[in-house]
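Colleague: I'd like to ask some things about the structure below.
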Amino acid sequence: MASKPSLPLSKQVAYAIGQLGWSTLINIISFHHVFFYLPPESEGLPSLIVKVAFWGISTVGIIAAFGRLWDAISDPLVANKSDQLISKWGRRIPFLAVGGLPAALFCAMVFFPPNRGETTLNLVWMTLALILFYLFLTVYVTPYFALIPELGHTAEERLNLSTFISVTYALGIMVASAVPVIAGILRESFGLDKFNSFQYAIGLLCLFSAICMYFPVFAIDEKKYCEAVPSNVPFWESLKLTFKNKSFLFFAFSDLNYFLSVTILTTGMNYYITQLLNEDIEIVNPMMGVMLLTSFLFYPIVNLLAR
């Protein structure tokens with residue numbers, strides 16, 4: 001069988017733009033979900049759910065943990081279905097096409113609760129929106145990452161793709177942290193209150209994210225560039241084989257720690273800025289910009305060392 005052509009630079013960029021989209025969505029949740037539902041009194045935003053559920057554990061913390069648990073359950077199921085899919089568009093791109101728009105929609109819906117006060121209905125709304133958001137994000141992200149070894153035919157090509165998406169993931173953090181800045185612009189331009197301006201800013205970024213997530217869908221011909229064949233390995237056997245792979249376990253452990261660290265940072269950033277530093281929440285965006293620009297300085301070094 002003839003080898004597949006290498007992915008052109010323009011299509012590598014298009015692939016990476018997809019990550020900019022979903023990174024913006026997941027970081028909107030990380031930065032603003034808890035802050036939106038349980039805002040400090042000084043911010044002038046209404047509290048939307050009760051602060052404590054039981055044993056001192058916050059309601060929003062329990063729901064967020066359940067959302068991540070659901071994410072962990074759905075990941076291998078989507079991965080297995082994607083591996084076995086046979087279609088004229090390939091195994092991965094159809095999942096990206098199905099998952100992108102609903103993920104953006106349900107991310108926005110998290111921030112449009114039915115009431116402006118502490119109600120059970122808001123809690124139910126948030127829970128369902130988060131579950132559906134994580135479900136469709138998984139439908140998009142799991143096959144998206146599976147494309148890396150299939151589009152990258154050499155170690156260098158895979159490394160380049162990984163570097164590109166690492167950059168766009170960081171840019172997604174930057175974009176998501178800009179919600180308060182955009183909300184301030186909307187508030188001044190259209191006379192909106194703080195609550196509505198926050199919602200509309202998130203709505204605009206979710207629209208932006210949805211557009212980004214469809215760049216790889218329309219730009220990449222999976223059949224033309226991917227070296228892969230559908231798998232017929234049953235789900236449980238596939239799961240067992242995965243956990244027998246020591247290299248995967250090391251990667252999964254490091255990946256877990258990376259995203260845990262990033263989530264702790266992003267979730268607490270709004271509170272840190274407004275409550276501990278007593279600064280305006282709009283400072284979060286330039287602060288994250290400085291942090292990310294500093295990290296970008298190390299990207300070429302890491303890329304060279306990894307070769």
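Values quoted throughout were computed directly from the atomic coordinates according to the rules given, and no laboratory measurement underlies them. Just so we're clear, the structure is a prediction, and the values are computed from it rather than from any experiment. Using ideal geometry, Cβ is built from the backbone for each residue, glycine included, and neighbour counts are taken over all protein chains shown.
Colleague: Based only on other Cβ atoms within 10 Å, what is the fewest-to-most ordering of TRP125, TRP236, TRP89, TRP22?
Modeller: TRP236, TRP89, TRP125, TRP22
Colleague: Something else now. Would you mind calculating the relative contact order of the chain from Cα pairs under 8 angstrom and at least 6 residues apart, reporting the percent as a whole number?
Modeller: 32 percent
Colleague: Arranged by the count of other C-beta atoms within 10 angstrom, fewest first, what order do PHE208, PHE190 take?
Modeller: PHE190, PHE208
Colleague: Hey, what angle do you get for helix 179-190 against the long axis of the chain, alpha-carbon based, 0 to 90 degrees rounded to 10?
Modeller: 60 degrees
Colleague: Bins of 5 Å, beginning at zero and ending with the bin holding the largest distance: percent of Cα pairs per bin for segment 84-140, please.
Modeller: Going out from 0 Å in 5 Å bins, segment 84-140 shows 4, 21, 21, 16, 13, 9, 7, 5, 3, 1 percent.
Colleague: Moving on. Pick from LYS246, LYS81, LYS223: which residue has the top mean-square fluctuation in a GNM of the chain where Cα pairs under 10 Å get a spring?
Modeller: Per the Cα network of the chain with a 10 Å cutoff, LYS246 tops the list.
Colleague: Further, regarding this structure: Fewest Cβ neighbours within 10 Å first, please rank VAL50, VAL302 accordingly.
Modeller: Starting with the residue having the fewest Cβ neighbours, the order is VAL302, VAL50.
Colleague: While we're here: Stokes-Einstein D for the chain at 20 °C, 1.002 mPa s, Kirkwood Rh over Cα pairs, in µm²/s?
Modeller: Rounded to a whole number, D works out at 104 µm²/s.
Colleague: If you take the Cα atoms of segment 148-307, find Rg, then find the Kirkwood Rh from the mean of 1/r over all pairs, what is Rg/Rh?
Modeller: My calculation of the ratio gives 1.05.
Colleague: Hey, in the GNM for the chain with a 10 angstrom Cα cutoff, which one of LEU38, LEU297, LEU20 fluctuates hardest?
Modeller: Top of the fluctuation ranking is LEU297.
Colleague: Round to the nearest 10 and give me the degree value, 0 to 90, for the angle of helix 246-271's Cα axis relative to the longest principal axis of the chain.
Modeller: Helix 246-271 sits roughly 20 degrees off the main axis of the chain.
Colleague: Suppose every Lys and Arg Cβ carries +1 and every Asp and Glu Cβ carries -1, with no other charges. What dipole size does the chain come out with about its Cα centre, to the nearest 20 debye?
Modeller: For the chain, the charge dipole is close to 840 debye.
Colleague: Follow-up question, since we're still on this one. Along Cα→Cβ, 7 Å out, is where each label goes; now give me the distance between the ones at ILE301 and THR242 in nm to one decimal.
Modeller: 3.4 nm
Colleague: Any idea what angle helix 120-151 forms with the longest principal axis of the chain, computed on alpha-carbon atoms, 0 to 90 degrees, nearest 10?
Modeller: With both axes taken from Cα atoms, the answer is about 30 degrees.
Colleague: Once you compute Rg and the Kirkwood Rh from C-alpha atoms, what is the Rg to Rh ratio for segment 35-182?
Modeller: So for segment 35-182, dividing Rg by the Kirkwood Rh gives 1.05.
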